[in-house]
1. For region 228-367, evaluate the Debye formula with one uniform point scatterer on each Cα (no solvent term) and list log10 I(q)/I(0) at q = 0.19, 0.22 Å⁻¹, rounded to two decimals.
2. Quick one: net charge of Gly62's neighbours, Cβ under 14 Å, K/R +1, D/E -1?
3. Please order Cys49, Cys220, Cys59 by the number of other Cβ within 10 Å, starting at the fewest.
4. Return a whole-number percent for the relative contact order of the chain, with Cα pairs under 8 Å and 6 or more residues apart as the contact set.
5. Average projected area of the Cα convex hull of region 400-486, in nm²?
6. Any chance you could give the angle, 0 to 90 degrees and rounded to 10, that helix 87-96 forms with the longest Cα principal axis of the chain?
7. Charges at C-beta only: +1 for Lys and Arg, -1 for Asp and Glu. How large is the resulting dipole of the chain about its Cα centre, in Debye rounded to 20?
8. Can you give me the distance in nm between label points at Phe358 and Ser34, each placed 7 Å from the Cα along the Cα-to-Cβ direction?
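Please treat every number below as a calculation from the coordinates, not as lab data. Just so it is clear, the structure is predicted and the values come from calculations on it, not from any experiment. Note that we place each Cβ from the backbone using ideal geometry, even for glycine, and neighbour counts take in every protein chain shown.
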Amino acid sequence: MILAGAMAIAPVSAGVAAPAECLVRFAVPGGTGSPDAPALACRDGDAACDADGVENGACLVGVVFCSGIAPCPAAPTANVRFRGPGAASLSAALAAAEPAAPTCTAPVEVAIERGFAARRTRTIRARASDASGRMRDRDRVRIACEGPRAPRAVIVATDFETGLLVRTPVAAPSRARTLATPVHADALVRVVGGAAVVVNRYLGDNVQVLNDRLGTRLQCSTGVGSNPHDIVAVGPRKAYVTRYDRDALWVVDPQATSCSAFRLGTIALGGLADGDGLPEMSQMAVAGSRLFVSLQRLDRRSGFTGRETSLLAVVDGESDTLVGAIELQGRNSFADSSGIQREPGTGKLLVPQAGSIFRTGDGGIERVDPDAMVSEGFVVTEDTLGGTIADFIVVSAERGYAIVIDEALRNLLVAFDPQTGVLVRRVFASTQFLADVVAAPDGTIWLADRSLPRPGIRVFDAASGEPVRRGTASVGLPPFSIGFVP
């Protein structure tokens, strides 16, 4: 809530000439506009402006009202009349305020009912005069209560020379709109605490936090040549960033207002590296109070080959200390976009293992018990899936989808059963690159199909694997990474 002190009000000496438009002021948390007519758009259920924090058809907004504001005379305003929602409560609060100049109420909670409307706006007005009746002032505050936003897809599209950020409604993927927000040509989109975050990877070396309108709110370097690969949050003010070409994991504040406050600390993982000194930290997942970080451990001296088994570094999320490592059965724990998944029902970790990307049969999806901190072996193998695993998601206990590359270098989207480890069906095949597969909020799965000459988004039913629409929905450049935000 905005408190009276935040309005920078102060009386001046009697007798100082002043315009009439200064007797009274409204203030609301997060309000914009002129001091005489502030405005607020509040989303129902948003605790930053809706005091009950519940999506219930109304916004409960705290309104502060002050009188006797500089440069008006120091005497309190004598006569004030309110109209609109909360008028009686504001009158009572003003009467109970200290009889001094300036006089400010405590925040008065005013309910703005929207019912079933997408948006409803109400205006509170105040008419005031000084004791002599010669000075008069009229102010207002306009408050809009908005319903929940339809989910949106945020897509990084790129030809690896130019990157685009694209927005499209989940319900209508063909209505894509290219945004003015610049992104790097090698980037991923992640959703952290409901906000879209772009991880600008190789030669981008920064994390870009977007605002509600998908413009850049904060963009901070992760170190020159660091090649960040993932970001995952453990709280509103705390997240972790993997840096593929460095040996220290970063602890960051995704809600920081400046880059000087962005980095909170570092966690050294170099002790888990292979012989080249870099662990190739990539994807992350949170289970309970622990953070799990996949370490590919590739030998850079031999063409980034996976000679060593991959590890999951285990970090205590409260003390930010490395507490152990889980040796995985496979090599090259790699997934280009989606990364580590949580198994529905059990909460166990599902980790992709690509092995050699030029050979089928040395990888698959591995299950890890985060409590016992042990690998339970492969849930499904590359031999079963029919190719090297490049990305995957699990949408239920009985259904998962994986992008695999077979030995003819075809890209396949396949459906599998995580419980039995069997292939259910081949869903889609392409001779070109399938970059990302994600679960959408409406029960569909989206596939980033980079196949020329018509790259775009393909949409399938998550339960059956059948296409929901024919062909691709174009997003300008070939799509690479997909996230969903409210």
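1. Once normalised to I(0) and log-transformed, intensities are -1.09, -1.39.
2. After counting each charged neighbour, the total is -4.
3. In increasing order of surrounding Cβ atoms, one gets Cys220, Cys49, Cys59.
4. Relative contact order for the chain comes out at 9 percent.
5. Average projection, Cα convex hull of region 400-486: 6.2 nm².
6. With both axes taken from Cα atoms, the answer is about 70 degrees.
7. For this selection, approximately 2200 debye.
8. 7.1
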